[in-house]
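The values are calculated or read from the model by the stated rules, or taken from the named source; none is laboratory data. None of these values were measured; they are calculated from a predicted model. Glycine gets a Cβ as well: all are built from the backbone with ideal geometry, and neighbour counts include every protein chain shown. Surface accessibility is based on the protein's heavy atoms, side chains included, excluding ligands, DNA and RNA. Shrake-Rupley method; radii C 1.70, N 1.55, O 1.52, S 1.80 Å.
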Amino acid sequence: MLDTQTTRGPQAAMSKGSRASGAVRWFFSLPSSGAVISVVVVSTFLAFASPQFLTVENLTYVARSFSFIAIAAIGQFVVILTRGIDISSGSVIGLTGIVTALLSSIGVPAPLAILGGLAAGFLVGLTNGSLIAGLGLVSFMVTLGMLNVVRGLDVALTRGYPISNIDPAIKYLGQGFFLGVPLPVWIMLILALVMWWVMTRTVFGRQVYAIGGNEEAARLSGVKVRRIIAIAFILSAVFSGIAGILLTARLGVADATIGFGYELDIIAAAVIGGTSFFGGIGSVVGVIWGAALLGIVRNGMALLGVDSFWQQVVIGAVIILAVIIDKLRTRSVSR
């Protein structure tokens, strides 16, 4: 009896130890583990460096500020999974916000104005998807050209003047709260949940991952590759459109500068969150963590009084570090 007990003790301890080490290995195998650890480390540092960081007001501000990037990055994440990239997402944010504001300013009801803005984003995504999937053009060059086209449209539509006569119902989407949490954050969480289900529980999601893993194998397996890639670019534009409408609602005004430069943060959020530039690897949850890290870093540097040009340096360094980590992770997986 004694022998049995003395034998079970070490075995139980070894079992608990192996489970713990297995959990650690599982966590570090997640593509988003780097972003999660970075958020914890940076937040801990800022909690000691700035008493204002952990206040409810500041955390609410941070969550709302990165929610716009996170929403657009969810669509970008789908594109990157297929080994593509959408450079036009920042300009689409501006276009959808401007179209929504223009329609609202001439008396179009809020729901129809919002649909009009989303339709503008859909058309941009449809054009991108048709050119890239239909003609086999390089996504970087097509969306870079589209960025300039849409930026020109933004200026032409506004004629250089801000549009401020926006329906209060639209403004509420960006400025309102529910249970003390800003509405854009709730919308971000709902969209993330929906896309998590789509990407993990539907045939479409599995086909996107399959194309990113091996496009030729996916084609031979019967996946309609061109159609899936086109849908990915449409999703990217629509999600950028949602972010654009919410950002315009938050600001209460639309002009040609809305969304300027956002494409870099959107791509960075997806990559920092573990989405691989080489396709087939990534998660919606990781995208949210990536956007949160960018938002916390920007907020922390502002609280610590770091000059704006140094903020750009730090953000750029974070993006480069994320790409290096992605490359190293890809190598380790391929071995």
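Regarding residue 79, is this residue in a helix (DSSP H, G or I), touching a residue at least 24 places away in the same chain (Cβ under 8 Å) and surrounded by 24 or more Cβ atoms within 10 Å (Cβ to Cβ)?
On the way: in a helix (DSSP H, G or I): yes; touching a residue at least 24 places away in the same chain (Cβ under 8 Å): yes; surrounded by 24 or more Cβ atoms within 10 Å (Cβ to Cβ): yes.
Yes.
Exactly one of these conditions fails for residue 257: (1) more than 20 Å from residue 184 (Cα to Cα); (2) open to solvent by less than 30 Å² (accessible area, probe 1.4 Å). Give me its number.
All conditions are met except number (2).
Scanning for something at negative phi, open to solvent by less than 40 Å² (accessible area, probe 1.4 Å) and modelled with pLDDT under 95, does the range 213-221 turn up at least one residue?
As a first pass, look at the range 213-221 and keep what is at negative phi: 213-221.
Of the ones still in play, those that are also open to solvent by less than 40 Å² (accessible area, probe 1.4 Å) are 218.
Filter once more, keeping what is modelled with pLDDT under 95: 218.
Taking every residue of the range 213-221 in turn, at least one turns out to be at negative phi, open to solvent by less than 40 Å² (accessible area, probe 1.4 Å) and modelled with pLDDT under 95.
Starting from residues that are surrounded by fewer than 21 Cβ atoms within 10 Å (Cβ to Cβ) and either among the basic types (Lys, Arg) or without any contact (Cβ under 8 Å) to a residue 24 or more places away in the chain (or both), keep the ones in the range 57-76 and report whichever is nearest to residue 89 (Cα to Cα).
The residue in question is 59.
Residue under question is residue 35, and the condition is that it be modelled with pLDDT of 75 or more, farther than 15 Å from residue 295 by Cα and under 28 Å from the mean Cα position of the chain (by Cα); does it hold? Walk me through it before giving the result.
Details: modelled with pLDDT of 75 or more: yes; farther than 15 Å from residue 295 by Cα: no; under 28 Å from the mean Cα position of the chain (by Cα): yes.
It is false that residue 35 is modelled with pLDDT of 75 or more, farther than 15 Å from residue 295 by Cα and under 28 Å from the mean Cα position of the chain (by Cα).
Would you be able to say whether some residue in the range 55-65 is in a loop (DSSP other than H, G, I, E, B) and over 22 Å from residue 200 (Cβ atoms)?
Yes - at least one qualifying residue is present in the range 55-65.
Can you pull out the residues in the range 171-193 that are open to solvent by 10 Å² or more (accessible area, probe 1.4 Å) and in a strand (DSSP E or B)?
177, 178, 181 - these are the residues of the range 171-193 that are open to solvent by 10 Å² or more (accessible area, probe 1.4 Å) and in a strand (DSSP E or B).
Which condition number does residue 119 fail, the rest of (1) open to solvent by 70 Å² or more (accessible area, probe 1.4 Å); (2) at pLDDT 95 or above being met?
Just one mismatch for residue 119, condition (1).
Suppose the filter is under 14 Å from the mean Cα position of the chain (by Cα) and at pLDDT 95 or above; does residue 243 pass it? It would help to see each step written out before you state the result.
Numbers: under 14 Å from the mean Cα position of the chain (by Cα): yes; at pLDDT 95 or above: yes.
Taking the combined requirement at face value, the residue satisfies it.
Can we say residue 107 is open to solvent by 40 Å² or more (accessible area, probe 1.4 Å) and part of a loop (DSSP other than H, G, I, E, B)?
Working: open to solvent by 40 Å² or more (accessible area, probe 1.4 Å): yes; part of a loop (DSSP other than H, G, I, E, B): yes.
Judged against the criteria, residue 107 is a match.
Every residue in the range 145-164 that is open to solvent by 60 Å² or more (accessible area, probe 1.4 Å), among the hydrophobic types (A, V, I, L, M, F, W, C) and touching a Ser or Thr at 6+ places or on another chain (Cβ under 9 Å), please.
149, 153
Any chance the range 85-103 includes a residue that's free of Cβ contacts under 8 Å to residues at least 24 places away in the same chain and either buried (at least 24 other Cβ atoms within 10 Å of the Cβ) or within 20 Å of residue 123 (Cα to Cα) (or both)?
Checked against the condition, which is being free of Cβ contacts under 8 Å to residues at least 24 places away in the same chain and either buried (at least 24 other Cβ atoms within 10 Å of the Cβ) or within 20 Å of residue 123 (Cα to Cα) (or both), the range 85-103 yields at least one hit.
From the residues in the range 261-297 that are small (Gly, Ala, Ser) and farther than 17 Å from residue 30 by Cβ, which one is modelled with the highest pLDDT?
295
Take the range 137-188 and flag every residue that is among the aromatic types (Phe, Trp, Tyr) and closer than 22 Å to residue 74 by Cα. Working first, answer last.
Initial filter on the range 137-188 (among the aromatic types (Phe, Trp, Tyr)): 140, 161, 172, 177-178, 186.
Those that are among the aromatic types (Phe, Trp, Tyr) and closer than 22 Å to residue 74 by Cα: 140, 186.
Of everything in the range 272-282, what is open to solvent by 10 Å² or more (accessible area, probe 1.4 Å) and within 24 Å of residue 59 (Cα to Cα)? Give them in sequence order.
272
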